[in-house]
Structure formats: C-alpha cells, structure tokens
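Reviewing the structure listed below.
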Amino acid sequence: MAEREPRVPVLTEIVADRRGRPAVDPAALEALARELERAVLVRLAPEVDRVIQEKLAHTLSQVLGQAIDGVRAELTTSVTQMVREAVQASVAQALSLPEQK
C-alpha cells in the first residue's frame with residue numbers, strides 16, 4: 001500500500017481559518033510593542049553607546065587639534081615678537097653705550 005502524502009491546505013482554507021480568530025486587543029498590542037521596544041533598546045544600548053563614544057572622541061579630537069594649532073600659531077607669533085623686541089632693545093643699548101678703548 002502506498003503512503004499518502006500529508007494534505008496541504010489551500011489558500012481559501014487558510015484565509016477562512018484566519019477570519020475565525022479573535023481580533024487582537026489594542027491595549028495588549030500596545031503593551032507588546034512597548035516591551036519589544038524596551039528589549040531592543042536594552043540590547044542595542046551598548047552598541048549605541050560605543051558609536052556615540054567613537055563619534056564624540058573623533059569630534060573632540062578634531063576640535064582640540066584645531067584649537068592646539070591655533071594656540072601654537074599664537075605662541076609662535078608671541079615668542080617671535082618677544083625675541084625681536086629683545087634683540088632690538090639689546091642692539092639699541094649696545095649702540096648707545098660709549099666705546100671702550
């Protein structure tokens with residue numbers, strides 16, 4: 001005797017079966033959605049924190065780099081000006097001294 005293959009339902013049977021199911025309670029659906037959202041956020045929180053930390057570190061690095069470049073340029077200008085003024089004062093003092101014989 002040949003084995004019979006399991007019966008596969010047709011589309012109209014599946015649709016008719018779904019119509020007989022009770023509607024989902026909106027409050028229960030909302031509670032389920034909130035719980036799912038909370039669970040997803042809990043699972044993703046470490047990755048979100050890591051991405052924010054990387055982005056923040058990159059941005060701070062750029063901003064600090066620019067600030068340091070600005071301070072370095074200002075210091076270079078200030079030191080150059082101070083050396084120039086010191087040399088001018090030294091030369092002026094040397095020129096104003098009477099010659100020693």
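All of the numbers you see were taken from the coordinates with simple rules; none came from a lab. Because the structure is a prediction, the values reported are computed rather than measured. Here the Cβ positions follow ideal geometry from the backbone for every residue, glycine too, while neighbour counts run over all protein chains shown.
Picking from Gln62, Gln81, Gln53, which is most flexible by a Gaussian network model of the chain using Cα springs under 10 Å? Comparing Gln62, Gln81, Gln53 in the GNM, the peak value goes to Gln81. For the chain, excluding the exposed loop sites themselves (GluC sites (Glu not before Pro), DSSP loop, at most 13 other Cβ atoms within 10 Å), the longest remaining stretch covers 4-98.
Over all directions, the projected convex hull of the C-alpha atoms in the chain averages 20.2 nm² in area. In plain terms, the chain from Leu11 to Ile52 could stretch by 9.9 nm, reckoned as 0.36 nm per residue minus the Cα-Cα distance.
Just Arg84, Arg43, Arg34 to compare: in a GNM of the chain, with alpha carbon springs under 10 Å, which one fluctuates most? Of Arg84, Arg43, Arg34, the most mobile in the Gaussian network model is Arg84.
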